[in-house]
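Enquirer: Here it is, the structure in full.
The values are calculated or read from the model by the stated rules, or taken from the named source; none is laboratory data. As the structure is a computational prediction, the values presented were derived from the model and not from experiment. Quick reminder, even Gly has a Cβ in these numbers, built from the backbone with ideal geometry, and neighbours come from all protein chains shown.
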Amino acid sequence: MPQGDKSSYTDKQKRQVKHIEEGYEKKGVGKKEAERRAWATENKISGGGKKH
C-alpha cells in the first residue's frame, strides 16, 4: 500500500476525519494543514486503518 493511501480506513473513520478537519479550519488552520492534522488525530485515536 503506497504512503498516503486511505483505502484501508472505514467509512466511519473517514467521516470522523472530515469533522475533525472542519474543526481545524474553523480555528483558522489552512486546508492542507487541517487535513494533515485531522488524519494524524484519527490515527492517534483509532491506531490507523482497519486491521486485516
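Enquirer: When segment 1-49 is examined, which residues are found to be surrounded by 12 or more Cβ atoms within 10 Å (Cβ to Cβ), in contact with a Ser or Thr (Cβ under 7 Å, 6 or more places away or on another chain) and not in a helix (DSSP H, G or I)?
Expert: Correct list: G49 only.
Enquirer: While we're looking at this one, here's another question. Take the residues in the chain that are hydrophobic (A, V, I, L, M, F, W, C) and touching a helix residue (DSSP H, G or I) at 6+ places or on another chain (Cβ under 8 Å); name whichever of them is modelled with the lowest pLDDT.
Expert: Per the stated criteria, the residue is I45.
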